[in-house]
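Down below is the structure, laid out as structure tokens.
Since every read-out is calculated from the coordinates, none of them should be taken as a lab result. Remember, predicted model here, so these are calculated numbers, not experimental data. Positions of Cβ are backbone-derived with ideal geometry, glycine not excepted, and every protein chain shown enters the neighbour counts.
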Amino acid sequence: MAFEYPRTIHFPETDAAGVVFFASYLALCHEAYEEALAAAGMRVSDFFAGGRHGVIIPIARSEADYLRPLTVGDRIRIRGRPERLDAHRFAISYEVVRSGPPEKTVARARTEHVCIHATSRERVPLPAELAAWVDAR
């Protein structure tokens, strides 16, 4: 299910040059992901702790392209779109947009997630609730 998350950039997210530190972009995207799960009715505390399904969902891959700098006080929107990769994996593509005028895309990121059993660490299918969220259009 596509989602959008508005936010303001804060001082701790910036580096000595006064721009958002590169790793902060992934943290911002993950924050948007958590908010999207909560908005879909999932208990985020259970979700990340293995919840009632006994499944954990680590990030197996991430990448980002940094197009323009962000600074303290910038208003942004993070747009995300999950997609299923196979029975065990999904990805989320993000676009970070600075509010305008004019509106500008400042970064693009992508994370790939894999579902594994909390104790055996073997791959397992996406839990039904998560699969429904990933597959929603």
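Charges on Cβ only, +1 for Lys and Arg, -1 for Asp and Glu, centred on the Cα centroid of the chain; of Val72, Ala91, Ala27, which one is farthest towards the dipole's positive end?
So the residue we want is Ala91.
Pick out, in residue order, every one of the GluC sites (Glu not before Pro) in the stretch 34-137 that is DSSP loop and has at most 15 other C-beta atoms within 10 Å; say none if there are none.
Filter output for the stretch 34-137: Glu103, Glu122.
Based on DSSP H runs of at least 4 residues, each adding -39500 (n - 2.57), what is the mean residue ellipticity at 222 nm of the chain after dividing by all its residues, to the nearest 500 deg cm²/dmol?
-6500 deg cm²/dmol
Could you tally the net charge around Ser24, taking each other residue with its Cβ under 13 Å from the Cβ of Ser24, Lys/Arg +1 and Asp/Glu -1?
Neighbour charge sum, excluding Ser24 itself: -3.
Using only alpha-carbon positions, what ratio does the radius of gyration of the stretch 3-135 give when scaled by 2.2 N^0.38 Å?
Output field value: 1.12.
Give me Ser24, Ser99, Ser120 ranked fewest to most by other Cβ atoms within 10 Å of their Cβ, as a rough exposure proxy.
On the way: Ser24 17, Ser99 13, Ser120 9.
If I rank by nearby Cβ atoms, fewest first, I get Ser120, Ser99, Ser24.
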